[in-house]
Amino acid sequence: MRTQSTAVTIMSSGFHSHDKQGRPCYIEYTGRTDVLALIKLPIDQVIKRHIWNCEQQIARMNETSKKMGFPVETMVHIHDMTGASLTLRKALTLFKKLAKLDQEYYPERMGKIFIVNTSWMFPVLWKIARVFLDPKTRAKCVVLKTGEINKLLEYFDAEQLPEDFGGICKCEDGCLPPIPKHMRYVAEAPSLTEQTIGPRKVFEKGLECINDGDSIAWYFTSSSKDVRFGVKFKPRPHSGWKDRMNDIAEIWVVESEYVYENDCVTGFYTPPCPGICILVWDNLDSKWLSRTLKYQVIVSEAEADSEEENNSNGINHKRTAVGTYV
């Protein structure tokens with residue numbers, strides 16, 4: 001089948017041993033999938049490959065049951081999100097179809113889903129994906145940030161895990177197919193823009209959300225706890241928010257509050273209608289000293305066919321320790 005041979009140029013995935021409970025393990029380098037190539041494949045061929053993959057999992061469960069001497073009826077998955085970007089959103093339609101197929105034809109076959117090496121923008125991706133997973137499946141998801149990979153050893157013996165995932169296994173021909181060459185090299189952290197904020201000054205960064213369902217995401221660090229951060233939103237006139245008004249005042253959607261020194265702050269916001277999101281950092285409390293800010297902000301465009309996502313407007317705002325990602 002065409003997608004079988006094509007798959008190796010799009011992603012690295014495969015079956016590898018089992019966990020401590022004997023459940024067969026499927027591993028996928030999800031974050032380094034060539035999404036643009038994937039979505040160009042005929043949808044029926046991708047679905048056929050997915051069904052083939054599911055049947056292979058069931059066959060492995062049967063083999064493992066005979067080997068272990070007790071019934072093994074579920075699988076475990078490991079999805080490595082290293083290199084993941086918002087480009088993954090372009091596969092949303094495909095993800096919805098496959099999730100629905102699994103829930104209708106392969107219910108209760110999933111034991112655990114480990115989502116590892118999650119990046120700073122993972123909350124944005126997870127907000128989208130979790131909508132299409134039933135509550136039972138969501139409850140089986142274990143999210144491990146960068147630096148927490150060794151927690152997999154609570155579920156796997158080291159001999160059963162590839163080195164990339166904290167194990168010591170070195171299969172003769174490689175534990176998994178190689179990652180496609182053009183997807184191997186990824187940035188482990190966002191590229192940050194440096195900004196100096198003078199004493200008693202305010203720095204604002206505006207991002208336009210053109211379509212319903214567009215989101216913004218931010219990541220930044222500050223050199224001082226004196227800096228306050230918040231987000232305002234200015235709706236576009238006649239876009240579904242107080243349509244009779246030609247000019248609509250800005251509203252705070254993330255209340256301004258102090259940032260802890262050297263914290264990494266991440267968050268995202270989906271406005272209720274098209275407009276401009278304004279990220280605000282103020283150094284008004286400092287009379288004499290400038291402060292340094294390093295940041296990255298992005299706009300994530302909405303998928304036109306994602307009614308569920310468009311109806312799940314919301315805010316998420318998190319702080320994490322330096323060197324870790326949400």
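The values are calculated or read from the model by the stated rules, or taken from the named source; none is laboratory data. This is a predicted model, so every value here is computed, not measured. Backbone-built Cβ (ideal geometry, glycine too); neighbour counts: all protein chains shown.
Is it true that residue 153 is in contact with a Ser or Thr (Cβ under 9 Å, 6 or more places away or on another chain) and within 17 Å of residue 78 (Cβ to Cβ)?
Values: in contact with a Ser or Thr (Cβ under 9 Å, 6 or more places away or on another chain): no; within 17 Å of residue 78 (Cβ to Cβ): yes.
So residue 153 fails the test.
The condition (being modelled with pLDDT of 80 or more and surrounded by 18 or more Cβ atoms within 10 Å (Cβ to Cβ)) is satisfied by just one residue among 291, 236: 291. Residue 165 passes every criterion in (1) assigned by the TED database to the domain that holds residue 280; (2) modelled with pLDDT of 85 or more; (3) among the aromatic types (Phe, Trp, Tyr) apart from (1).
Examine segment 274-284 for a residue that is within 25 Å of the chain's Cα centre (by Cα), at pLDDT 90 or above and in a loop (DSSP other than H, G, I, E, B), and state whether such a residue exists. Yes, because at least one residue in segment 274-284 is within 25 Å of the chain's Cα centre (by Cα), at pLDDT 90 or above and in a loop (DSSP other than H, G, I, E, B).
Annotation note: of 201, 205, 181, the sole residue that is out of contact with any Ser or Thr (no Cβ under 7 Å at 6 or more places or on another chain) and loosely packed, with under 12 Cβ neighbours inside 10 Å is 181. Looking for something surrounded by fewer than 14 Cβ atoms within 10 Å (Cβ to Cβ) and of a type in the set (Gly, Ala, Ser) - is there at least one such residue anywhere in segment 29-46? Scanning segment 29-46 turns up no residue that is surrounded by fewer than 14 Cβ atoms within 10 Å (Cβ to Cβ) and of a type in the set (Gly, Ala, Ser). Please determine whether any residue of segment 3-21 is within 28 Å of residue 120 (Cα to Cα), at pLDDT below 90 and surrounded by fewer than 18 Cβ atoms within 10 Å (Cβ to Cβ). Yes, that holds for at least one residue. When 84, 59 are checked against the criterion of being in contact (Cβ under 8 Å) with a residue 12 or more places away in the chain and of a type in the set (Gly, Ala, Ser), 84 stands alone in meeting it. Restricted to segment 75-94, and to residues there that are modelled with pLDDT of 90 or more and under 24 Å from residue 213 (Cβ atoms), the residue that is surrounded by the fewest Cβ atoms within 10 Å (Cβ to Cβ) is 94. Of all residues in segment 63-116, those being out of contact with any Lys or Arg (no Cβ under 7 Å at 6 or more places or on another chain), more than 17 Å from residue 131 (Cβ to Cβ) and of a type in the set (Lys, Arg) number 3. The set of residues in segment 44-62 being within 22 Å of residue 130 (Cα to Cα) and either outside the structural domain of residue 167 (by the TED database) or touching a Ser or Thr at 6+ places or on another chain (Cβ under 8 Å) (or both) consists of 46 alone.
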